[in-house]
Amino acid sequence: MTRLRTLRFALWGLVGLAVVAAAGLWSLRPWDPAVPTAGEGEALVGGPFELVDGRGETVTAQDLTGRPFVIFFGFTHCPDICPTSLFEMSQWIEALGPAADRMRFAFVTVDPQRDTPAVMRDYVAAFSDRIIPLTGTAAQVEQVLDAYRVYAEKVPLEGGGYTMDHSAFVYLMDARGRYVTHIAYGEDSERAVAKLRELAAGA
């Protein structure tokens, strides 16, 4: 009986380790927006939100709709992914030429604690005046992160301070605010521009 109980505990222990390992792997693998999560293959990405732009003026989800739009999430203290992605976005806008006029482009912070409207305005202006900088209160930012299924987590740094771990997808939304596709970090530039041209053509 004791041997059976020991074996049972061992099996439960292995199950527990498997669950913990799976949870750990999931936390390291941000949600992929390409996976359909609603009926008829529609991904549940996007939704209502209220933020403020670099001038402190309110911007809602409705303000972005009416044209296809491109939206990326990051933060101004980001060492590499965010500046690289914003630079690439500015290059895509240039490559699109007049087609870019039929679209909107936005950068939303995942770090509202440090990214005030003025900080966001000055940071984004260094890349393009066509990209709308968006921030807000912690609750407002949390709402838009949930709506777009964005993974973002504060990571303490040794010696104080923190950085933000976050997903790095650039979301392509149609004129009604529905998810169309995304551009992955490091994706080939020609392929990215082709996706954007197709999105603009549907305007």
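Just so it is clear, none of the values below were taken in a lab; they were calculated from the coordinates. This one's a predicted model, so the numbers in the text were calculated from it and none came from an experiment. Virtual Cβ from ideal backbone geometry, glycine too; neighbours counted across all protein chains shown.
Gain on full extension, evaluated as 0.36 nm per residue between Arg178 and Thr60 minus their Cα-Cα distance, stands at 41.0 nm. Here the average projected area of the convex hull drawn through the C-alpha atoms of the stretch 47-201 stands at 8.4 nm². Give the long-range amide H neighbours of Phe169: residues separated by 5 or more places, or on another chain, with amide H under 5 Å away, using H modelled in the peptide plane at 1.01 Å from N. Excluding prolines and chain starts, which carry no amide H, there are no hits.
With only Lys, Arg, Asp and Glu charged, each at its Cβ (+1 for the first two, -1 for the last two), find how big the charge dipole of the stretch 71-203 is about the Cα centre; round to the nearest 20 debye.
480 debye
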